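Below: one structure, written as structure tokens.
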Amino acid sequence: MTKTKHKIIIGDALEKLKEIPSESIDLVFADPPYNMSKKSGLAWKYSKHITMQESWDMFSKDEFFEFNLKWITECLRILKHGGSLWVSGSFHNIYQIGFILQNMNNIKINNSIVWFKPNAQPNITCRFFTESTEHLIWASKNGKGNKWKFNYKLTKDNIFDSLNPKGKQTRNVWSISLTPKSEKWAGVHPTQKPEELLRRIIISCTDFGDTILDPFTGSGTTNVMALKYNRNSIGIEKDKKCLSIIKKRMEKEIKGTLREADMICEE
Ligand SMILES: C[S@@+](CC[C@H](N)C(=O)[O-])C[C@H]1O[C@@H](n2cnc3c(N)ncnc32)[C@H](O)[C@@H]1O
């Protein structure tokens, strides 16, 4: 296996994305702010569950639309033709993301995936159905005669769960539990994604040696999984406190898998 390269950039994605060359990235995975945080959080006296109160996740309506439009435009610029953009979200943001993508030229929405969480946390207010899903949009940039990459055989052999039997076509409902404690050993991040989610995306839409970029990399799940599956990666994150979590996770992955990898951190 060849050595892979990983770059972690600490800074604002809206600025840092501008420094990435056009048409240089094979896959963008974005887990952006959902704009679901509340100024005062709700806690449940029976458990540790609490609603999100993150300052990076609070926007006015207009600010939120402008923010989404800007980062999506930049991500589509840096994608190669035939490259994929995956975006995760909840009902708070996913329709707006879909609306923006539907209005872009040469962009095809290939699927929306429902991520079902069998162990979702209960609804605190008891005034709504219990949210137990997130939604992912998979879109591709199709130009210059290039179409999207889809490793169909691998999706049948390597992506399965209680809803998708092994050897059958994978459906667009994925059953994946909330991020387990065993993946959170390096430090606390409020919205760390499960590694299994990234594994599925990476094996279905990229090959060895491809480059994956995450503009909101948080605890670095995308970079860790890129490293594990021999892809190169770039992660951008505004909060410097995340860097130590990312570094610890990457170093453990390098040791555990004996992968040869270069890692650069830019602040
Ligand atoms: C939903 S979390 C991503 C979590 C990540 N997928 C993981 O598995 O850890 C969004 C992250 O984006 C970061 N963020 C928010 N606004 C940003 C911006 N403008 N530029 C870069 N990072 C930003 C936040 O600090 C947060 O860590």
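The values are calculated or read from the model by the stated rules, or taken from the named source; none is laboratory data. Nothing here was measured: the structure is a model prediction, and the numbers come from that model. Neighbour counts are summed over all protein chains in view; Cβ atoms, including those assigned to glycine, are modelled from backbone coordinates with ideal geometry. In case anyone asks, the SASA skips ligands and DNA or RNA and just uses the protein heavy atoms, side chains included. Shrake-Rupley method; radii C 1.70, N 1.55, O 1.52, S 1.80 Å.
Would you check if there is a residue in the range 175-182 being surrounded by 13 or more Cβ atoms within 10 Å (Cβ to Cβ), within 17 Å of the chain's Cα centre (by Cα), under 27 Å from Ala120 (Cα atoms) and more than 14 Å from the ligand (Cβ to nearest atom)?
Yes, the range 175-182 contains at least one residue that is surrounded by 13 or more Cβ atoms within 10 Å (Cβ to Cβ), within 17 Å of the chain's Cα centre (by Cα), under 27 Å from Ala120 (Cα atoms) and more than 14 Å from the ligand (Cβ to nearest atom).
Looking at Ile264, Ile245, Ile254, can you tell me which residue is open to solvent by less than 60 Å² (accessible area, probe 1.4 Å), aliphatic (A, V, I, L, M) and over 16 Å from Lys184 (Cα atoms)?
Ile254
Taking the stated definitions as given, is Thr170 more than 15 Å from the ligand (Cβ to nearest atom), surrounded by fewer than 19 Cβ atoms within 10 Å (Cβ to Cβ) and β-branched (Val, Ile, Thr)?
no
So Asn142 fits all but one of (1) more than 15 Å from the ligand (Cβ to nearest atom); (2) modelled with pLDDT of 95 or more; (3) surrounded by 15 or more Cβ atoms within 10 Å (Cβ to Cβ); (4) under 22 Å from Trp71 (Cα atoms); what number is the exception?
(2)
Pairs please, first residue from the range 170-185 and at pLDDT 95 or above, second anywhere and of a type in the set (Ser, Thr, Tyr), Cβ atoms under 6 Å, 6+ apart in sequence or on different chains.
From the range 170-185, the pairs are Thr170/Thr155; Ser175/Ser162.
Within the range 94-116, which residues are under 22 Å from Asn164 (Cβ atoms) and under 16 Å from the mean Cα position of the chain (by Cα)?
The answer is Ile94, Asn111, Ser112, Ile113, Val114, Trp115, Phe116.
Of Ile234, Ile212, Ile201, which residue is at pLDDT 95 or above, touching a Phe, Trp or Tyr at 6+ places or on another chain (Cβ under 6 Å) and more than 10 Å from the ligand (Cβ to nearest atom)?
Selected residue: Ile201, the only one of Ile234, Ile212, Ile201 that is at pLDDT 95 or above, touching a Phe, Trp or Tyr at 6+ places or on another chain (Cβ under 6 Å) and more than 10 Å from the ligand (Cβ to nearest atom).
Report yes if Pro190 is open to solvent by 20 Å² or more (accessible area, probe 1.4 Å), in contact (Cβ under 8 Å) with a residue 60 or more places away in the chain and either of a type outside the set (D, E, K, R) or under 20 Å from Ala30 (Cβ atoms) (or both), otherwise no. Lay out the reasoning, then the answer.
Working: open to solvent by 20 Å² or more (accessible area, probe 1.4 Å): yes; in contact (Cβ under 8 Å) with a residue 60 or more places away in the chain: yes; either of a type outside the set (D, E, K, R) or under 20 Å from Ala30 (Cβ atoms) (or both): yes.
Spelling it out, Pro190 is indeed open to solvent by 20 Å² or more (accessible area, probe 1.4 Å), in contact (Cβ under 8 Å) with a residue 60 or more places away in the chain and either of a type outside the set (D, E, K, R) or under 20 Å from Ala30 (Cβ atoms) (or both).
Kindly provide the set of residues from the range 64-91 that are in contact (Cβ under 8 Å) with a residue 40 or more places away in the chain, in contact with a helix residue (DSSP H, G or I) (Cβ under 9 Å, 6 or more places away or on another chain) and surrounded by fewer than 16 Cβ atoms within 10 Å (Cβ to Cβ), ordered by number.
Lys70
Given (1) of a type outside the set (Lys, Arg); (2) part of a strand (DSSP E or B); (3) open to solvent by less than 50 Å² (accessible area, probe 1.4 Å), where does Ile124 come up short, assuming only one miss?
(2)
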